[in-house]
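Since the structure comes first, as structure tokens, the remarks are kept for the end.
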Amino acid sequence: RECSMSETLRIVLSKLKNTEDWVVSVPDGRIEVLTIIERYNTRLSAAPKKFGLKGETYHWTQSYHFNSRLYEKLLSSVFDMLEDGQLVEEADEILETMKLTWPILGITQKLHDALYAWALFQKFAQTGEILLLKQTDLQIQKLKLHNNVREAELYIDSFVCSVEGFGSNGTLNLVDSALLKINMWCHRQLKNYHLYFSQANCSIFESMLNLVLLTAANLTDDDEEAMLIGTSLGSTPESTLIHILVVRSIQAAYKNALISADGQSKAEFKHPLILLASELKLLVEKECSAFSPVLHKYYPEAGRVALTVFHLLYGQQLV
């Protein structure tokens, strides 16, 4: 019977797709098509609830890929088409109106917060507008405040996504997958913050750092090599993560300075160590003026670690 019903539905849907047939259909024929669709939909809607959530229907879980994509498209309506990176003045009203779609698309408050955070962050990545980054931060903070009701968590866990990150593959639910993607994007930039940030966009640096700490499900990093440099006893997971970001960013900046000094030395016939010292002086000044004051808020040892790394790296050239 299920096969017969599916076959019937396939036939009537093909009639809908054929515009010419639909236009010339007599009223009775159209009514028959719509009645069959309604009957099929009613049957699916009457299927037993899997999670016992209020308003839950068969379509919530069986169509979640489509539903979540559609909701993401709806969320994009809060962005101003004329001013890139800006929210329209009516953004709050639009979001309130969109709640009317929740019972149809199977969106819960937690799913909304995650998908909206993801939409905001994607727009930030495209435009670099700090307002969007701060809005993303606020949405994720809301996400962290949700009470983990068992039925609602089981429902969200049913939305399985394949993910690849930090050297491994696996599966996560839709919410955790969005948070991981945000974390990875920020993490990549912060591991080379001397390249991506400066005094001019230091506010973005701080907001992104806060976002990495907020979205880190597990702040422990297995970067043992970086932890050997200037680490202190009793470090917290938060300070450990920032310690590694400092070490890796300075190492990356030092590598670029080394290449630059070598090339300049050949062109100007000057000793590479003198040129390297000049390059590192600028990097140290940038570290102390732009980054250390921000990093100190989360990790008081950040400035000391940075200077230690600079000293060790330059010292290697003197040996």
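General observations
- Listed by chain and number, the lysines whose C-alpha is less than 21 Å from the C-alpha of K181, apart from same-chain residues fewer than 8 away, are K73, K110, K123, K134, K142, K144, K191.
- Taking other residues whose beta carbon is less than 11 angstrom from the beta carbon of E206, and scoring Lys, Arg as +1 and Asp, Glu as -1, yields +1.
- Taken one residue at a time, the phi angles of the range 266-272 give Karplus couplings (6.51, -1.76, 1.60, θ = phi - 60°) of 5, 7, 10, 6, 10, 5, x Hz. Gly and Pro are set to x.
- Between the amide H of V163 and those of G170, T171, L172, distances stay under 5 Å, these residues lying 5 or more places away or on another chain, with hydrogens modeled in the peptide plane.
- Highest average packing first - 86-95, 266-275, Cβ atoms within 10 Å: 86-95, 266-275
- Gain on full extension, evaluated as 0.36 nm per residue between T171 and T97 minus their Cα-Cα distance, stands at 23.4 nm.
- Using a simple spin-label model with pseudo-atoms 7 Å out from Cα toward Cβ, R69 and S158 lie 2.0 nm apart.
- At R0 = 41 Å, FRET efficiency that the Cβ-Cβ distance of Q264 and H296 yields, to 0.05: 0.80
- Stretch gain in nm, segment Q109-L282, where the contour uses 0.36 nm per residue and the Cα spacing is subtracted: 57.5 nm
- A full extension of the chain between V88 and E7 corresponds to an added length of 24.6 nm, given 0.36 nm per residue minus the alpha carbon distance.
- Here the label points at S77 and R188, each 7 Å from Cα along the C-beta direction, are separated by 3.2 nm in the simple model.
- Among 96-108, 290-302, the order from most to least packed when residues are scored by Cβ within 10 Å on average: 290-302, 96-108
- The Cβ shell under 13 Å around A253 holds other residues with a net charge of +2, Lys and Arg each +1, Asp and Glu each -1.
No lab work stands behind these numbers, since they all come straight from the coordinates. If you're wondering where the values come from, they're calculated on a predicted model, not measured in any experiment. For neighbour counting, all protein chains shown are included, and Cβ atoms are generated from backbone atoms with ideal geometry for every residue, glycine included.
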